[in-house]
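Below you'll find the structure, written out as structure tokens, and then a few comments.
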Amino acid sequence: LFSARVVHHVLLVAVAAPLLACGGARPPWPPALPFTLATAALWLWHLPPAYDLALGNTAVYWLMQATLLATATAFWASVLHPSQRAGVALLATLGALVQMALLGALLTFAPQGLYAIHATAPLAFGLTPLADQQLGGLIMWIPAGIPYLVLIGLLGRRHWRGLAGPA
């Protein structure tokens, strides 16, 4: 199911990647480059030809997983590193939330199923391919934003404390 794959990718980029980024002591990159790479990876792998190729070829599938995880981890490392200015991190994370929600909305409101690889499997679950895609889009649009919102809240708190200065 496309919707199950969306849950998998959300767990990869919005849960596993930030946890991996928190475990590294690597100095941060400026967020613009990792944001661009993570956004490009997410959107490119959701283009129908690339997505169908990945699900039809084991090597390409693992390349998709690796690039999604690596670029997301680099993004989170750049925004979550303690030396990163909280305002910059906050804006970058908000941008990541918006682009994820936009992709989810586009998938939700697409007039037809986009992925040939999911043309028949949803039928076994009582879903049309379009309904499965719409469910996946809604998952990407709404619940996928929860980890981003939590991190935005934490970064906002850090930014607010920085504005207030030492107590």
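Structure summary
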{"item": "Helix 86-109 axis, angle to the chain major axis (alpha carbon atoms, nearest 10°)", "result": "10"}
{"item": "Estimated D of segment 1-132 in µm² per second, where Rh is the Kirkwood radius over Cα pairs and Stokes-Einstein applies at 37 °C, 0.692 mPa s", "result": "210"}
{"item": "Extension gain (nm, one decimal) between residue 22 and residue 83, 0.36 nm per residue minus Cα-Cα", "result": "20.7 nm"}
{"item": "Highest-fluctuation residue, 59, 74, 96 considered, GNM on the chain with Cα pairs under 10 Å", "result": "59"}
{"item": "Stretch gain in nm, segment residue 146-residue 98, where the contour uses 0.36 nm per residue and the Cα spacing is subtracted", "result": "16.1 nm"}
{"item": "0 to 90° range, to nearest 10: angle between helix 58-80 axis and the chain longest Cα axis", "result": "20"}
{"item": "Integer Hz, Karplus 6.51/-1.76/1.60 couplings in order for segment 119-131, x for Gly and Pro", "result": "6, 10, 4, x, 4, 5, 9, x, 10, 7, x, 5, 5"}
{"item": "Inter-centroid distance (Cα atoms) of segment 37-89 relative to segment 94-113, Å", "result": "16"}
{"item": "Kirkwood Rh, Cα atoms: Rg over Rh of segment 61-167", "result": "1.13"}
{"item": "In Hz, Karplus ³J(HN,Hα) per residue of segment 50-56 (6.51, -1.76, 1.60; θ = phi - 60°; x = Gly, Pro)", "result": "5, 5, 4, 4, 4, 7, x"}
{"item": "Full-stretch length increase - residue 160, residue 43 - with 0.36 nm per residue and alpha-carbon distance subtracted", "result": "38.9 nm"}
{"item": "Candidates 106, 12, 97: whichever shows maximal mean-square fluctuation once the chain is modelled as a Gaussian network with Cα springs under 10 Å", "result": "106"}
{"item": "Principal-axis tilt of helix 145-164 within the chain, Cα atoms, nearest 10 degrees", "result": "10"}
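Only the coordinates and a few stated rules stand behind these numbers; no lab work does. Computed from a predicted structure; not experimentally measured.
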